[in-house]
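Visitor: Sharing a structure below in structure tokens format, with a few things to ask.
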Amino acid sequence: MPTPILHKESLIPGKTSKLVLHAPQIAQKARPGHFVMLRMSEQGERIPLTIADTDRENGTITIVYLVMGKSTAMLEALGVGDAILDVCGPLGHPTHIEKRGTVVCVGGGTGIAAMHHIAKGHARIGNKVVGVIGARSKDLLLFENELKSFVDELLVSTDDGSYGHKGLVTELLRDRLEKDKDVFEVVAVGPVPMMAAVAETTRPFGVKTTVSLNPIMVDGIGMCGACRVTVGGKTKFACVDGPEFDGHEVDFPELRRRLAAYREQETISIEEYRR
Ligand code: FAD
Ligand code: FES
């Protein structure tokens, strides 16, 4: 069913935008960690995007996307008053959230938006939430104010030192884990190398580490096998078994290889679309 766009905000001009969609049925059911599959045209592919927020009263969901290739460029071409051809969801398992104490939520790049929804779920249930966010530079940092409104502590890093700690989120994470031994879980959402580095950082501390995986998805409902990942030596389908998994068990090199498998076709596709 066409899903109207009620609000659009450019977070990083030309690169990242936030859309608020009128999707009352999805908003009623969606919980942190869920995602939706969107299709912009009859012949177009379906792409997965995480639900970054919901407003049940107003029947809306929020998505935040990085313009990567043809499908996200088609989404970026839409504005308030337009409708997305189909939005299917909520899909995947929601994040497991229970009241246990201190949780550290790490977000990188566009993943900060998805992490924000998970962090909000932990804050609502009464966990102490430490947010750790990072980007290449200050102008690429997302959702800082939104996170500040509910987290107990927010640690920020930029690669170039233009804001917060100069360096990587994993350096802040390591310092925080050394300082506070009460952390019961670390949750990470962001680029694959960042999630792999978070898992390696937490391993010596023995802290449960949950990562939200982003393999290529085609149907999003467990039928096609496109989103196959290896976790603890077993094959899992991220769309129905995940997308969140134990970061210490994920085969990250395989995920990286599979994400790059169609690079040539993706380049041709965006070049043809731009012409
Ligand atoms: P393309 O040029 O087709 O591809 C660019 C790169 O995006 C590829 O190299 C590949 O790494 C990835 N990609 C391509 N097609 C798919 C696909 N069908 N499924 C997954 N990845 C693909 N991105 C966001 O910006 N915000 C989000 O909230 C978000 N949430 C996601 C949640 C899940 C569960 C998953 C699996 C992915 C999520 N992504 C998110 C990634 C997003 O789906 C891809 O960036 C998008 O599909 C790229 O499509 P494209 O045609 O614009 O780019
Ligand atoms: Fe088809 Fe997961 S996307 S099985």
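The values are calculated or read from the model by the stated rules, or taken from the named source; none is laboratory data. Being a predicted model, the structure only gives us computed values, none of them experimental. Here the Cβ positions follow ideal geometry from the backbone for every residue, glycine too, while neighbour counts run over all protein chains shown.
Visitor: Please indicate, with yes or no, whether at least one residue in region 263-275 is in a loop (DSSP other than H, G, I, E, B) and either in contact (Cβ under 8 Å) with a residue 12 or more places away in the chain or within 16 Å of ligand 2 (Cβ to nearest atom) (or both). Please lay out each step first, then the result.
Guide: Looking only at region 263-275, we keep the residues that are in a loop (DSSP other than H, G, I, E, B), and these are 275.
Restricting the remaining residues to those that are either in contact (Cβ under 8 Å) with a residue 12 or more places away in the chain or within 16 Å of ligand 2 (Cβ to nearest atom) (or both) gives none.
No: zero hits.
Visitor: I've got another one for you. Is it the case that region 52-59 has a residue that's modelled with pLDDT of 95 or more, in contact with a Phe, Trp or Tyr (Cβ under 7 Å, 6 or more places away or on another chain) and not basic (Lys, Arg)?
Guide: First, pick out the residues of region 52-59 that are modelled with pLDDT of 95 or more: 52-59.
From what's left, in contact with a Phe, Trp or Tyr (Cβ under 7 Å, 6 or more places away or on another chain): none.
No: region 52-59 contains no residue that is modelled with pLDDT of 95 or more, in contact with a Phe, Trp or Tyr (Cβ under 7 Å, 6 or more places away or on another chain) and not basic (Lys, Arg).
Visitor: Oh, and also: Could you check region 34-60 and list, in sequence order, the residues that are touching a His at 6+ places or on another chain (Cβ under 7 Å) and under 24 Å from Leu213 (Cα atoms)?
Guide: Ile51, Ala52, Asp53
Visitor: Go through (1) part of a helix (DSSP H, G or I); (2) surrounded by fewer than 20 Cβ atoms within 10 Å (Cβ to Cβ) for His93 and report which single condition fails.
Guide: (1)
Visitor: Could you pull out the residue among Thr210, Thr202, Thr235 that is away from ligand 1 (no atom under 15 Å from the Cβ), surrounded by 15 or more Cβ atoms within 10 Å (Cβ to Cβ) and among the polar types (S, T, N, Q)?
Guide: Selected residue: Thr202, the only one of Thr210, Thr202, Thr235 that is away from ligand 1 (no atom under 15 Å from the Cβ), surrounded by 15 or more Cβ atoms within 10 Å (Cβ to Cβ) and among the polar types (S, T, N, Q).
Visitor: Just wondering, is there one or more residues in region 3-16 that are surrounded by fewer than 17 Cβ atoms within 10 Å (Cβ to Cβ), in a loop (DSSP other than H, G, I, E, B) and modelled with pLDDT of 95 or more?
Guide: No.
Visitor: Further, regarding this structure: Give me the strands (runs of 3 or more DSSP E) completely within region 96-165, filtered to those with at least 3 residues that are over 27 Å from Asp241 (Cβ atoms), ordered by residue number.
Guide: Correct list: 128-135, 153-158.
Visitor: What is the one condition in (1) surrounded by fewer than 24 Cβ atoms within 10 Å (Cβ to Cβ); (2) within 15 Å of Ala188 (Cβ to Cβ); (3) at pLDDT 95 or above that Ile118 does not satisfy?
Guide: So the condition that Ile118 fails would be (1).
Visitor: Among the residues of region 238-259, write down those that are loosely packed, with under 12 Cβ neighbours inside 10 Å and within 12 Å of ligand 1 (Cβ to nearest atom).
Guide: Arg257
Visitor: Run Leu38 past the list (1) farther than 25 Å from Val240 by Cα; (2) at pLDDT 95 or above and report the number of the one that doesn't hold.
Guide: With respect to (1) farther than 25 Å from Val240 by Cα; (2) at pLDDT 95 or above, Leu38 is out only on (1).
Visitor: Whether any residue in region 201-209 is out of contact with any Asp or Glu (no Cβ under 7 Å at 6 or more places or on another chain) and within 25 Å of Leu38 (Cβ to Cβ) is what I want to check.
Guide: Checked against the condition, which is being out of contact with any Asp or Glu (no Cβ under 7 Å at 6 or more places or on another chain) and within 25 Å of Leu38 (Cβ to Cβ), region 201-209 yields no hits at all.
Visitor: Same structure again: If you go through region 121-152, how many residues are among the acidic types (Asp, Glu) and exposed (fewer than 14 other Cβ atoms within 10 Å of the Cβ)?
Guide: The qualifying residues number 2.
Visitor: Let me confirm something: among Ala27, Ala73, which residue is touching a Ser or Thr at 6+ places or on another chain (Cβ under 6 Å) and in contact (Cβ under 8 Å) with a residue 12 or more places away in the chain? Steps first, please.
Guide: Details: Ala73 fails: touching a Ser or Thr at 6+ places or on another chain (Cβ under 6 Å).
So the residue among Ala27, Ala73 that is touching a Ser or Thr at 6+ places or on another chain (Cβ under 6 Å) and in contact (Cβ under 8 Å) with a residue 12 or more places away in the chain is Ala27.
Visitor: Has region 213-223 got at least one residue that is closer than 24 Å to Val36 by Cα and away from ligand 1 (no atom under 16 Å from the Cβ)?
Guide: The answer is no, given that none of the residues of region 213-223 is closer than 24 Å to Val36 by Cα and away from ligand 1 (no atom under 16 Å from the Cβ).
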